[in-house]
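Everything below concerns the one structure shown next.
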């Protein structure tokens, strides 16, 4: 089972700078048609009510939720692993330590699940650069770290892509020259930025072969213009959130070893 943790969004529960639109007047006109009548809305008026810090906090509500909040905060703050250096998605041009770590986590955590269900293995992983939302600071790694780096509810899916779609994926990476998290695939560019070589699982891309690519449900639907993920040969959900995969990995890892390497480089 995977851990399900809910993160409180504020230290104290408040409703701040939230605008509620209330429809307060409806005018109906009735028009007789034969033996029946049709009711139509002829006018709708709305009023904007600004709810902000001037609204006093309900102490009884805060007292009720405090034990739950403190329990959740304790779970989120418990050390799971140690990170020896700060990791940021801006620390490299084509690949970063934090991006490599996230893609490798997806590969390592999701592949056993996928293999158990299909008797096949994941060939490569592609996530998106924009999905990394925070640095991983030096020091203790906690469940809160995973929520900060990956605050979305994105789940892992395995897409079976044709060789043609895989080449579209490679062209997307070459053209974008962005440090999207990848694993299982290595790309080398010429000095002018054109493709020099690409390998999946250490081997050249084979004509007519299909490949199993792990990604997120967001990207599966064409997020970040990754249209090559549309219309795959097959789709296998693994019912595993990326964030939960991170937490599970941190829970069984003493020290994080994340580095930039040669998985995506330019001569």
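Structural remarks
- The condition of being touching a residue at least 40 places away in the same chain (Cβ under 8 Å) and part of a helix (DSSP H, G or I) holds for only one of 265, 259, 166, that being 166.
- Test: residue 88 is touching a helix residue (DSSP H, G or I) at 6+ places or on another chain (Cβ under 8 Å), modelled with pLDDT of 70 or more and under 30 Å from residue 175 (Cα atoms): yes
- Filter pass, residue 161 being within 22 Å of the chain's Cα centre (by Cα) and either surrounded by fewer than 17 Cβ atoms within 10 Å (Cβ to Cβ) or under 19 Å from residue 94 (Cα atoms) (or both): no
- Residue pairs meeting the criteria (Cβ under 9 Å; at least 6 apart or on separate chains; first farther than 15 Å from residue 172 by Cβ, in the range 224-240; second modelled with pLDDT under 95 and in a loop (DSSP other than H, G, I, E, B)): 239/2; 240/2
- Of the numbered criteria (1) surrounded by 13 or more Cβ atoms within 10 Å (Cβ to Cβ); (2) farther than 30 Å from residue 180 by Cβ; (3) touching a strand residue (DSSP E or B) at 6+ places or on another chain (Cβ under 6 Å), the one residue 62 fails is (3).
- Among the candidates 216, 188, 197, residue that is within 17 Å of residue 236 (Cα to Cα) and touching a strand residue (DSSP E or B) at 6+ places or on another chain (Cβ under 8 Å): 216
- A count restricted to the range 115-132 and to residues that are more than 9 Å from residue 182 (Cα to Cα) and either modelled with pLDDT under 95 or buried (at least 22 other Cβ atoms within 10 Å of the Cβ) (or both) stands at 4.
- Out of 208, 223, 176, 193, sole residue that is over 20 Å from residue 104 (Cα atoms) and within 18 Å of the chain's Cα centre (by Cα): 223
- Hits in the range 173-190 (condition: touching a helix residue (DSSP H, G or I) at 6+ places or on another chain (Cβ under 8 Å), buried (at least 18 other Cβ atoms within 10 Å of the Cβ) and outside any strand (DSSP E or B)): 179, 180, 181, 184
The values are calculated or read from the model by the stated rules, or taken from the named source; none is laboratory data. The shown structure was predicted, so the numbers you read here are calculated from the model rather than taken from an experiment. Cβ atoms come from the backbone with ideal geometry, glycine included; neighbour counts cover every protein chain shown.
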